[in-house]
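Remarks on the structure that follows.
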Amino acid sequence: MATSTTPAPALQRPRPDRNPGPGVNFGRVLKSEWIKVTTVPSTVILIACTVVLMVGISALLAWQTTFLFEAQSDPEMAAQMQAQGAPDPNDIVRDIPGSGLTFGQLLMASLAVVLIASEWATGMIRSTMVAVPRRTPALLAKQLIMAVISFVIGAGSALIAYFIAQPILAGSDLDFGLGDDGVLLHIVNTGSVLALVSIFAMSIGTLIRNTAGGVVTSIGILLVLPIVVAIFGSGTEWVVDAARFLPSSGGEQMVATTIADGAFNQWQGALVLGGWSLLLLVVSLIVTKKRDV
């Protein structure tokens, strides 16, 4: 009997059906960006320092306000302080919770630039774009995560500062309630300003793609430009009118508890700052889609 030398075919195991899952979606991109931010120790430390700094400045201002109020109890001292243009403590106490906003903008704008510009500096942006081939969702996820973090930091710091300031102010009967006119909106908008500033700064970092250049540009527009305008343009009417449309001016009006005559209200200030942030965001998305990574 003839025998075949051909080996018997190996028994093939049935291949299990593999579910590839939903693949890349915006939720997963958000999760990856959240992990990037929260797992870097320097980022977490900077966020904690921002909270401490904002709350600390508010507490110091509360103490200074009580000192100013007690000094004005002396008629001679009150007349001297009024001649020097010292503010009435009752007019500024409701602005105390968000008084650390300027330093908060400095730190969060810098962080926003670093988070995006460092990816181009290290080449990590290539890995990001390989994992998420569509560039718009990748950049929007970064922006959204940073904006949410900034909002929580701003509003949370202002709320903590409110509760810390009340015992200090109560000694001079200057304490106030959350339900007082404009107080709660002031606290919420402290977070809103930081969120819009982070979008503004991250968009600049996306356009410049350089950490130092992005930080200098963002801080220059937000903090230095208003000072330059105030020094050199204070006597020119059209410059003063135009200065109301600066991003920093919009942020100031968003957290204002009292509105001066002729000034923007909180919602108009939000339109100014929000308009700048949205414009730069759209431009950064368009430019990133057209340029190589």
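The values are calculated or read from the model by the stated rules, or taken from the named source; none is laboratory data. Given the structure is predicted, the values throughout are model-derived calculations rather than measurements. Reconstructed Cβ throughout: ideal geometry from the backbone, glycine too, with neighbour counts over all protein chains shown.
Is there a residue in region 220-240 that is in contact (Cβ under 8 Å) with a residue 40 or more places away in the chain and surrounded by fewer than 21 Cβ atoms within 10 Å (Cβ to Cβ)? For region 220-240, residues in contact (Cβ under 8 Å) with a residue 40 or more places away in the chain and surrounded by fewer than 21 Cβ atoms within 10 Å (Cβ to Cβ): present.
Every residue, every condition in (1) at pLDDT 90 or above; (2) among the basic types (K, R); (3) exposed (fewer than 13 other Cβ atoms within 10 Å of the Cβ); (4) part of a helix (DSSP H, G or I), yes or no:
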{"residue": "A59", "(1), (2), (3), (4)": "yes, no, no, yes"}
{"residue": "T65", "(1), (2), (3), (4)": "no, no, no, yes"}
{"residue": "E76", "(1), (2), (3), (4)": "no, no, yes, yes"}
{"residue": "M81", "(1), (2), (3), (4)": "no, no, no, yes"}
{"residue": "R94", "(1), (2), (3), (4)": "no, yes, no, yes"}
{"residue": "S99", "(1), (2), (3), (4)": "yes, no, no, no"}
{"residue": "T102", "(1), (2), (3), (4)": "yes, no, no, yes"}
{"residue": "L106", "(1), (2), (3), (4)": "yes, no, no, yes"}
{"residue": "M129", "(1), (2), (3), (4)": "no, no, no, yes"}
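Among the conditions (1) of a type in the set (A, V, I, L, M); (2) under 17 Å from the mean Cα position of the chain (by Cα); (3) over 17 Å from L101 (Cβ atoms), A155 misses just one, which is (3).
Taking V215 as the residue in question, decide whether it is within 14 Å of the chain's Cα centre (by Cα), at negative phi, hydrophobic (A, V, I, L, M, F, W, C) and surrounded by fewer than 24 Cβ atoms within 10 Å (Cβ to Cβ).
In short, yes.
Among the criteria (1) within 25 Å of R94 (Cα to Cα); (2) small (G, A, S); (3) modelled with pLDDT of 85 or more, the one S42 does not fulfil is (1).
Name the residues in region 250-265 that are touching a helix residue (DSSP H, G or I) at 6+ places or on another chain (Cβ under 6 Å) and at pLDDT 90 or above, would you?
G250, G251, Q253, M254, V255
Conditions tested, residue by residue: (1) part of a helix (DSSP H, G or I); (2) out of contact with any helix residue (DSSP H, G or I) (no Cβ under 6 Å at 6 or more places or on another chain); (3) at pLDDT below 95.
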position: V148; (1), (2), (3): yes, yes, no
position: V152; (1), (2), (3): yes, yes, no
position: G156; (1), (2), (3): yes, yes, no
position: L169; (1), (2), (3): yes, no, yes
position: D180; (1), (2), (3): no, yes, yes
position: A195; (1), (2), (3): yes, no, no
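So for region 181-194 (the condition being at positive phi and either free of Cβ contacts under 8 Å to residues at least 12 places away in the same chain or crowded, with 18+ Cβ neighbours inside 10 Å (or both)), does at least one residue qualify? No, there is no match, as no residue in region 181-194 is at positive phi and either free of Cβ contacts under 8 Å to residues at least 12 places away in the same chain or crowded, with 18+ Cβ neighbours inside 10 Å (or both). Of all the criteria given as (1) small (G, A, S); (2) buried (at least 19 other Cβ atoms within 10 Å of the Cβ); (3) modelled with pLDDT under 90, the one not satisfied by S277 is (3).
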